[in-house]
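Presented below is the structure to which this report refers.
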Amino acid sequence: MSAPSLVIAVPSKGRLKEQAASLFEATGYTLRVKGHDRGYRGQLDGLPDVAVEYTSASEIVHQLRAGRVHLGITGEDLVRETVPDVDSRIEFLAPLGFGHADVVVAVPECWLDVSRMADLEDVAEQFARSHGRGLRVATKYMNLTRRFFAKKGVTGYRIVESVGATEATPATGTSELIVDITSTGTTLKANHLKVLEDGLILQSQAHLLAAKRASWDGRAKELKDTILSALSS
Amino acid sequence: MTAESAKEFEALEGQARALVALFGEAGYEFVAPAILQPAGVFLDQIGEQVRARSYVFTDLAGEELCLRPDLTVPVSRLYLERHPDAETEARYCYNGPAFRFQPLGPSAMHPREFRQAGVECFGASDKAAADVEVLLLAVEAVRSAGLRDYRICFGDIALFYALIDAADLPERWRLKLRHYFWRPPSFHVLVDQLAKGARIEPDRILTALGESIAGKSQQEAEDIVSAYLNAEGIPLAGNRTLREIAARLLDQAADLYADTLPKEVVTVIEYYLGVAASPREAVDKIAMIARGAGLDIDSALATVTARFDLLEQQGVDLSNATFATEFGRKLEYYSGLVFQIEVPGMDETEPVAGGGRYDNLLIALGAPRPVPAVGTAIHTERLLAAVGRASS
């Protein structure tokens, strides 16, 4: 088989995989897994020179950044978190209308004196006086958090990396507040957390993305336009 | 700018040996603290901004470590290990690598791996004498390396604190002004806000509690908050106590009814922060500003003047030195004197030496009592480059 003209990376599991599959199905370019249905290669019906790579949502970001694939589907939150020089590396072609998640700053509901980002710096000052250290922010979004807190003038904190059950960390005492994704707010509410009024860092959803550093010959550009117009119509 | 050739390496090593010998003769014991440091110490005390500039990683046992971003904290930890009671006077010197991530990529003047040679003086109760001792050592060090053309820039954080203490302000505003001093952009927003009385619109909860909480005692406020949380079924979480939450609500409620920050105080702060001049001139200007507003900061000013007198008596030429009130606002652990030695033609963000007094750091690192501390570090690669440039 000859080399594909264009490679597109799509999520290999979970809701993102299913939703990407139904989106392609609706356009007529149905996604087919090659070989057995746990395989990591696939094809699009009607576009034989497009290769599909199934890979994890975060790996897709690295592949795009390096230009090892032409197109990819993944969440904006992961792209903005992982790629510092995003504008020179990745182009946001189209939002896809699924995978909605807001990245937000949330504090314990019992902090009646805190409703805005500006309160956090005051709280950090008070906290340092009585506890001898800064606030701890649990998150997996280290870079988004740093940039957002710097923009809001909040400095008296440190990040503790958290890869799962972030919303439970203020209750267990390993953090004071969190930065996490929420779609309906139910999980936050159940953990007695509230989102700060100006604490929305990013309204994320799944995007069709293009790698600026991939090799874009005529046929690859043609295929990009075909897929883009099919997915965004 | 690690020494990449044998010749550079030998030049750097030779310079460092001479510096350490000089420090040794002055009574500073050579120490070599660990390069790998527990990350938590740096992150808790120095904050996320330093983390963004530090190489932090988790080892196979799950411990969070960092490559030391400076040597002051590691040497302070070493002092506390040797003297847990923190009652002993001690003088240490060092020479070794430190590491900083450079967001714009490493360069000759902003290397990610660089060497510092320096001294730290702990527990000396005569602070003025220790300040001068360390400053003199820094000057002698760069001079002994062959640097002739340099300029000393001074600042003193204690002066600002004295000014705020002397002004007639509610304590909650003093605490705020002190804290925000280290965050220049937010500081100006804060002063503006307090001056205009532009109160942030109180939110729903404060409105609900506001009437009932304003003017109450701390205990009454805690009871009100506690009753509210119980009624709403909200548990305490996030390590802050009822006392802390109630105290801030009381402050916020007080702000709702407070007068604005007096115009005179705003003017004094603005004039003060604008002072940058030769040392003597700067002291005169600050004295004039304070007197004009009827604020007595004479004793803080006397400390600064006495320091300059001592330096001149010791033969330090202050004719091209500067004193800037803004200087040192980026390094929160400094508590008094701050200084750096700059070389004309090199950027001020690239000093060959820097240092200052940091009386609050050791208690933050776990000392059972405050430890007066002052130190200086020499950026040896920059010093070598500056000397080389002058002689070529």
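Name the residue that is surrounded by the fewest Cβ atoms within 10 Å (Cβ to Cβ), counting only residues in the range A:121-180 that are part of a strand (DSSP E or B) and aliphatic (A, V, I, L, M). Filtering first and then ranking leaves A:V160. So if I check each of B:E220, B:E264, B:E270, B:E281, which one is farther than 30 Å from B:E326 by Cα, away from every other protein chain (no Cβ under 12 Å) and either under 24 Å from the mean Cα position of the chain (by Cα) or in a helix (DSSP H, G or I) (or both)? Within the list B:E220, B:E264, B:E270, B:E281, the selection yields B:E220. The strands (runs of 3 or more DSSP E) found entirely in the range A:58-108 that carry 2 or more residues being more than 25 Å from A:G199 (Cβ to Cβ) and of a type outside the set (G, A, S) are A:71-75, A:90-95. Filter the range B:164-180 down to the residues that are crowded, with 19+ Cβ neighbours inside 10 Å and touching a helix residue (DSSP H, G or I) at 6+ places or on another chain (Cβ under 6 Å), then identify the one that is farthest from the other protein chains (Cβ to nearest Cβ). Filtering the range B:164-180 for residues that are crowded, with 19+ Cβ neighbours inside 10 Å and touching a helix residue (DSSP H, G or I) at 6+ places or on another chain (Cβ under 6 Å), the one farthest from the other protein chains (Cβ to nearest Cβ) comes out as B:A167.
Residue-by-condition table, conditions (1) assigned to a helix (DSSP H, G or I); (2) over 20 Å from the mean Cα position of the chain (by Cα):
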site	(1), (2)
B:A124	no, no
B:A128	yes, no
B:A141	yes, yes
B:G146	no, yes
B:A158	yes, no
B:D165	yes, no
B:R172	yes, yes
B:R178	yes, no
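Listed by first and then second residue, the pairs linking a residue in the range B:273-296 that is closer than 13 Å to B:D156 by Cα to a residue that is basic (K, R), with Cβ atoms under 7 Å apart and 6 or more places separating them unless they lie on different chains, are B:V275/B:K285. For the range A:105-126, indicate whether the set of residues that are more than 8 Å from chain B (Cβ to nearest Cβ), modelled with pLDDT of 95 or more and under 24 Å from B:G233 (Cα atoms) is non-empty. Yes, because at least one residue in the range A:105-126 is more than 8 Å from chain B (Cβ to nearest Cβ), modelled with pLDDT of 95 or more and under 24 Å from B:G233 (Cα atoms). Going through (1) away from chain B (no Cβ under 13 Å); (2) of a type outside the set (K, R); (3) loosely packed, with under 15 Cβ neighbours inside 10 Å one by one, A:L202 falls short only on (3).
For the residues B:D309, B:D296, the requirement of being in the same structural domain as B:D168 (by TED's automatic domain parsing), in a loop (DSSP other than H, G, I, E, B), surrounded by fewer than 18 Cβ atoms within 10 Å (Cβ to Cβ) and of a type in the set (D, E, K, R) singles out B:D296.
Are any of the residues in the range A:25-43 over 24 Å from A:W216 (Cβ atoms), surrounded by 15 or more Cβ atoms within 10 Å (Cβ to Cβ) and within 23 Å of the chain's Cα centre (by Cα)? Taking every residue of the range A:25-43 in turn, none turns out to be over 24 Å from A:W216 (Cβ atoms), surrounded by 15 or more Cβ atoms within 10 Å (Cβ to Cβ) and within 23 Å of the chain's Cα centre (by Cα).
Please specify each residue of the range B:55-64 satisfying the condition of being of a type outside the set (S, T, N, Q) and surrounded by fewer than 16 Cβ atoms within 10 Å (Cβ to Cβ).
The answer is B:F57, B:D59, B:L60, B:A61, B:G62, B:E63, B:E64.
The values are calculated or read from the model by the stated rules, or taken from the named source; none is laboratory data. Remember, predicted model here, so these are calculated numbers, not experimental data. FYI the Cβ positions are ideal-geometry reconstructions off the backbone, even for glycines, and counts take in every protein chain you see.
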